[in-house]
Amino acid sequence: MTLALCTDLSVVGDDLTTTLPGGERVRFAHFDYAASAPAVRAAYEAATAILPYAGSVHRGTGLRAETSTLEYERARDLVGEFVGVRPGDQVVFTRNTTDALNLLARCLPEGTTTIVFEGEHHANLLPWPRQIRLPLPGSADEAVAAVERCVRTVEGPVLVAVTGASNVTGEVWPVRRIADVAHAHGARVLVDAAQLAPHAAVDLTGLGADYLAFSGHKLYAPFGAGVLAGRSDWLDAAPPYLAGGGASASVGGQPGDVVWKTGPARHEGGTPNLLGAVTIGAVCAALLRTDRDALHEREQDLLERLRSGLPGEVSIFGPDHPRVGIVSLALPGHDPVTLAATLAQQHGIGVRAGQFCAHPLVRRLTGSAAVEQCATAPDSLLRISFGLGTTDQDVDRLIGALSRL
């Protein structure tokens, strides 16, 4: 059997309320989508539909096992359609983006040099061996030129690992231009699409990417599942990421006497996360069948509403480039951590304060005089991030609260 797919992208818990100190109950305004997005109805219904049939994937012949295996592999196909896999590509289910990037780092051929920018999220900064770390560029042209200068000087296999959109500034990176330069010199490209996938199409061919990674919990699915998609050769040549059942085709009686599978199973040892895969697949299917251009226009309207309404003394960080629905800012004289707590407790608004697992980038941004005035957390920023459930009224409440503060 095949379970029906829902295409509803309404946010589960959109009517969640919270109590303010004066006793008033208000709708909770969530502005932390860049950290974790609430699930949408498509994910909720997919989870509800599969749970009665939940069984061991790729193990067993009964109704539960066969249904679970069918839906797990259908989810893989849906994700493959979402990212535009090419002949010979694989879709491997992981725990999250960090797990996916660490998996690929383990699969790099011996002697591979990796090129990254210092503004990357730690997930795309820390796992890579033999790393060349480029300084944060001031423009898209500088980013492309820096990669070209670097990649032409390196011998042997090269991987350029770049974000699709910054989790701090929301800036959309010139991925296709970087990929074209890298490929011209024989390098491969990995795109960290954790922040890009919820906001824009992430087609492997369109981006020029050899590999792409993202997380379910940022794509309106539950925690605990992610995706690595891309070329098979490095993945099939490397030892399994998780040695164990499911990854092995044959095991002999002596240590090391094992034949490993090829394909996604090679790196999906153990019983896989059926619920995570099915819900990611369901959200991918729902997004494929919606008007992404309309969603983008709506998000840009919200960004402009926020920017035009903020008090003049608020500093917004990052270049004035195209960006997804992420803004990091500072209010002079206010500690971002305390400010975030005040917004939550006094106004029912959830934002994020800190360095967002991108310490080198935030420290670079916070060198400005505006942030140095912050009392106790000079190396932190306040981040506001939008998603499918964000409304005009949410933005107006946030503007009003910041103005009063």
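So THR153 ticks every box in (1) of a type in the set (Val, Ile, Thr); (2) out of contact with any helix residue (DSSP H, G or I) (no Cβ under 9 Å at 6 or more places or on another chain); (3) not in a loop (DSSP other than H, G, I, E, B) but one. Which box is left unticked?
Evaluating THR153 over (1) of a type in the set (Val, Ile, Thr); (2) out of contact with any helix residue (DSSP H, G or I) (no Cβ under 9 Å at 6 or more places or on another chain); (3) not in a loop (DSSP other than H, G, I, E, B) leaves (3) as the failure.
Consider region 105-125. How many of its residues are in a loop (DSSP other than H, G, I, E, B) and touching a strand residue (DSSP E or B) at 6+ places or on another chain (Cβ under 9 Å)?
7
Test of understanding: among LEU361, LEU329, which residue is assigned by TED's automatic domain parsing to the domain that holds ASP396, at pLDDT below 95 and assigned to a strand (DSSP E or B)?
Answer to the check: LEU329.
Taking the stated definitions as given, is VAL202 surrounded by 15 or more Cβ atoms within 10 Å (Cβ to Cβ), in contact with a strand residue (DSSP E or B) (Cβ under 8 Å, 6 or more places away or on another chain) and either among the charged types (D, E, K, R) or part of a loop (DSSP other than H, G, I, E, B) (or both)?
Taking the combined requirement at face value, the residue satisfies it.
I need the full set of residues from region 238-271 which are outside any strand (DSSP E or B) and in contact with a Pro (Cβ under 7 Å, 6 or more places away or on another chain), in order please.
ALA247, ARG266, HIS267, GLY269
For ARG59, indicate whether it is touching a residue at least 24 places away in the same chain (Cβ under 8 Å), charged (D, E, K, R), assigned by TED's automatic domain parsing to the domain that holds PRO222 and surrounded by fewer than 13 Cβ atoms within 10 Å (Cβ to Cβ).
yes
With farther than 22 Å from LEU212 by Cβ, within 18 Å of the chain's Cα centre (by Cα) and not hydrophobic (A, V, I, L, M, F, W, C) as the only criterion, which of ASP8, ASP32, ASP15 stands out?
ASP32
What number of residues within region 229-262 satisfy the criterion of being surrounded by 12 or more Cβ atoms within 10 Å (Cβ to Cβ), of a type in the set (Ser, Thr, Tyr) and more than 30 Å from GLY84 (Cβ to Cβ)?
Residues meeting the conditions: 1.
Within region 272-291, does at least one residue satisfy the condition of being in contact with an Asp or Glu (Cβ under 9 Å, 6 or more places away or on another chain) and either more than 21 Å from PRO38 (Cα to Cα) or among the basic types (Lys, Arg) (or both)?
For region 272-291, residues in contact with an Asp or Glu (Cβ under 9 Å, 6 or more places away or on another chain) and either more than 21 Å from PRO38 (Cα to Cα) or among the basic types (Lys, Arg) (or both): absent.
Can you confirm whether LEU302 is of a type in the set (A, V, I, L, M, F, W, C), assigned by TED's automatic domain parsing to the domain that holds GLY389 and surrounded by fewer than 22 Cβ atoms within 10 Å (Cβ to Cβ)?
yes
Residues in region 171-182: is at least one touching a residue at least 12 places away in the same chain (Cβ under 8 Å), among the basic types (Lys, Arg) and part of a strand (DSSP E or B)?
The answer is no; no qualifying residue exists.
Can you pull out the residues in region 345-358 that are crowded, with 17+ Cβ neighbours inside 10 Å and either assigned to a helix (DSSP H, G or I) or without any contact (Cβ under 8 Å) to a residue 12 or more places away in the chain (or both)?
HIS347
Hey, among ARG292, ARG323, ARG298, which residue is under 28 Å from ILE384 (Cβ atoms), charged (D, E, K, R) and in contact with a helix residue (DSSP H, G or I) (Cβ under 8 Å, 6 or more places away or on another chain)?
Unique residue meeting the criteria: ARG323.
Would you be able to tell me the number of residues in region 205-237 that are of a type in the set (A, V, I, L, M) and over 15 Å from the mean Cα position of the chain (by Cα)?
Within region 205-237, residues that are of a type in the set (A, V, I, L, M) and over 15 Å from the mean Cα position of the chain (by Cα) number 4.
The values are calculated or read from the model by the stated rules, or taken from the named source; none is laboratory data. These numbers were taken from a predicted model, which means no experiment stands behind them. Neighbour counts are summed over all protein chains in view; Cβ atoms, including those assigned to glycine, are modelled from backbone coordinates with ideal geometry.
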